[in-house]
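Following: one structure in structure tokens, then a few remarks.
The values are calculated or read from the model by the stated rules, or taken from the named source; none is laboratory data. It should be emphasised that the depicted structure is a prediction, and the values quoted were computed from it without experimental measurement. All Cβ positions, glycine included, derive from the backbone under ideal geometry; neighbour counts span all protein chains shown.
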Amino acid sequence: MKEIKAYIKRHKLQDITIALGRVAGLTGMTVVESRGHGIGWAGRGEHSRDSLTDYVSGLRLEVICRDEWVEQVVSAIEKAAHTGLRGDGKIYVSDIEMAVRISTGERGDAAV
């Protein structure tokens, strides 16, 4: 199993939700409010003292899926989130050791 975290612009959420809805077998995602900044964010390369306390708001999507769906999920997010402008976001993929569905006790892929 994999965990996919995507940091995206807020206005792209609907496009991404629609794109992920087309991934057969995907059961859902979590959306979390986020704030942050990266290299070159404030002043495009020059950080002022005030820029370290100013953050850009966005969203973090979290998707847990089977290994065989990772490329399809990542591609769907990448295409739907793309604007061609700086700051479109990032996608990270990590391994998940175990999943447990609390209501049924199912474990592993069955719990996803």
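What to note about this one:
- Within the stretch 78-107, the residues that satisfy the criterion of being among the small types (Gly, Ala, Ser), at pLDDT 95 or above and under 18 Å from Arg10 (Cα atoms) are Ala80, Ala81.
- The residue that is nearest to the chain's Cα centre (by Cα), among those in the stretch 89-109 that are of a type in the set (Lys, Arg) and farther than 22 Å from Arg60 by Cβ, is Arg101.
Results for (1) within 24 Å of Val100 (Cβ to Cβ); (2) under 11 Å from the mean Cα position of the chain (by Cα); (3) modelled with pLDDT of 90 or more; (4) not polar (S, T, N, Q), shown as yes or no for each residue.
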| residue | (1), (2), (3), (4) |
| --- | --- |
| Lys2 | yes, no, yes, yes |
| Ile16 | no, yes, yes, yes |
| Val31 | yes, yes, yes, yes |
| Arg44 | no, no, no, yes |
| Asp50 | no, no, no, yes |
| Asp54 | no, no, no, yes |
| Leu61 | yes, yes, yes, yes |
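- When the stretch 1-41 is filtered for residues that are without any contact (Cβ under 8 Å) to a residue 24 or more places away in the chain, of a type in the set (Val, Ile, Thr) and part of a helix (DSSP H, G or I), only Thr17 remains.
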